[in-house]
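Just so you know, all these numbers are worked out from the coordinates, no wet-lab data involved. All figures in this text were calculated on a predicted structure; none of them were measured in a lab. When we count neighbours, we look across all protein chains shown, and the Cβ atoms used for this are built from the backbone with ideal geometry, even at glycine.
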Amino acid sequence: MRAGFIEKPEVAYFKETEEPQINNPTDVKIKVKVTGICGSEVHAYHGKHAWRVPPLVSGHEFAGEVCEVGSAVTKFKVGDRVTAEPQYGCGHCELCKAGKYNLCQDKKILGAYYWSGSFGEYIVAPEGCVIPLGENVSFDQGALIEPLAVGMHAVREHKVNEDSVIAIIGCGTIGLGVLLSAKRFNPKKIIAIDVVDFNLEKAKEMGADLVLNSMKDPVLDRVLEETDGYGVDMTFLAFGNAPCVQQAAEITKRGGIISEIAIMANVQAPFDLIQIKELKLCGSNMYTADDFKEVIDGINEGDIKLDGFITKRFPVEEFHDAMEWADKRPEPVVKVVVDF
């Protein structure tokens, strides 16, 4: 099959490689049409990801068409337009039994060294991971469901509603996914914060009520002005470093919530503010199938509009250039995708 292959750190290229096959009666084989490049795959490209370890065919944000099904598959048939949740748990631990398989210690991840990913022309996934797109969702939109589900999971966990005033720090792919997911629940106000004007322009286009550049604007003062001096009900951290955590603690109201989505390692936190304001600091890890379905329903019903989300695309034969673009970003981008 045709595939984008990461051979070793900073060596990625197009090649013909072995096609994955159905090995279990509940497997579904999918022909990939469009796949996105995630930051985790950029980490893999640099040899800095825990389980996306070269050499491998990575990729996990995709949409495609069912081309073969196992003998026990009952929910899908050849020709169905689908995506797939790129994870599954062990199925028998306490977390899996509680429906929190996203936290399973033994879960498997698409695009890791043990499960050939969507940078390949075909993937094979368990039937339980496969999710229909719905008639109004294009393949392009389908490839964006996974990154949006990350934001949807955090939004649903904290029950954003019409009375919520929220802030989003970091308006790249994940932050914009939080914004679009939150819009589905009609919050009172969305404040988007970043240091890149391009990202803030995208946030404004996608429905943010106020955008603030941390390098130019007095963020705390503006947030307090917008919230009668209280601060926001919840802040979603979609980019992670110490200044971002500090800012989140400053702008979130007493008794409010900080939802930490970004991957951060050994980052100092302002525990004085967290304690004094009795803030709830909560991690958010990936998603579950319900988050995928909520995103799909939002797209089908017109609540989640993805215009302008894909900003650069490459055919799979130009996979090296695609990875270089996603890594070095010679121009501002939201999402780089690869077409088959």
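Computed quantities for the displayed model
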quantity: Restricting segment 185-279 to trypsin sites (Lys or Arg not before Pro) in coil, as DSSP defines it, with at most 15 other Cβ within 10 Å; calculated: LYS188, LYS216
quantity: 12 Å cut-off, amide nitrogen to a point 7 angstrom out along PHE198 Cα→Cβ, residues in segment 220-250; calculated: none
quantity: Net +/- balance of residues flanking GLU318 in space, Cβ distance below 12 Å, scoring K and R +1, D and E -1; calculated: -1
quantity: Gaussian network model of the chain, Cα within-10 Å springs - most flexible of VAL245, VAL82, VAL178; calculated: VAL245
quantity: The chain - percent relative contact order, Cα under 8 Å, separation 6 or more; calculated: 18
quantity: Listed pairs LYS107/LYS335; LYS31/LYS312; LYS107/LYS183; LYS8/LYS280; LYS183/LYS216; LYS48/LYS305 exceeding 29 Å between Cα atoms; calculated: LYS107/LYS183; LYS8/LYS280; LYS48/LYS305
quantity: Sorted by Cβ neighbour density within 10 Å, fewest at the top, the residues ILE263, ILE258; calculated: ILE263, ILE258
quantity: Cβ-derived FRET efficiency at R0 45 Å, LYS8 paired with LYS75, nearest 0.05; calculated: 0.70
quantity: DSSP-assigned coil residues among chymotrypsin sites (Phe, Trp or Tyr not before Pro) in segment 104-152, each with at most 12 further Cβ atoms within 10 Å; calculated: TYR114
quantity: Distance between modelled label sites at LYS159 and ASN266, nm, 7 Å Cα→Cβ extension; calculated: 3.9
quantity: Dipole magnitude of segment 17-133 about its Cα centre (Cβ charges: Lys, Arg +1; Asp, Glu -1), debye to nearest 20; calculated: 240
quantity: Relative exposure of SER58, SER138, judged by other C-beta atoms within 10 Å (fewest first); calculated: SER138, SER58
quantity: Exposed-loop-free span, longest in the chain, where GluC sites (Glu not before Pro) count as exposed if DSSP calls them loop and at most 12 other C-beta atoms lie within 10 Å; calculated: 19-134
quantity: Inter-label distance, nm, simple model (7 Å from Cα along the C-beta direction), THR311/GLN275; calculated: 4.1
quantity: Net charge, VAL232 excluded, C-beta distance under 9 Å - Lys, Arg +1, Asp, Glu -1; calculated: 0
quantity: Segment 150-283: relative contact order in percent, alpha carbon pairs under 8 Å with at least 6 residues between; calculated: 21
quantity: Exposure proxy ranking, count of Cβ atoms within 10 Å, fewest first, for TYR101, TYR287; calculated: TYR101, TYR287
quantity: Computed magnitude of the charge dipole of segment 111-196 (debye, nearest 20; Cβ of K, R +1, Cβ of D, E -1); calculated: 420
quantity: Dipole moment magnitude, nearest 20 debye, segment 150-283 about Cα centre, only Lys, Arg, Asp, Glu C-beta charged; calculated: 340
quantity: Amide H partners (placed H, <5 Å) of SER164, local residues excluded; calculated: LYS188
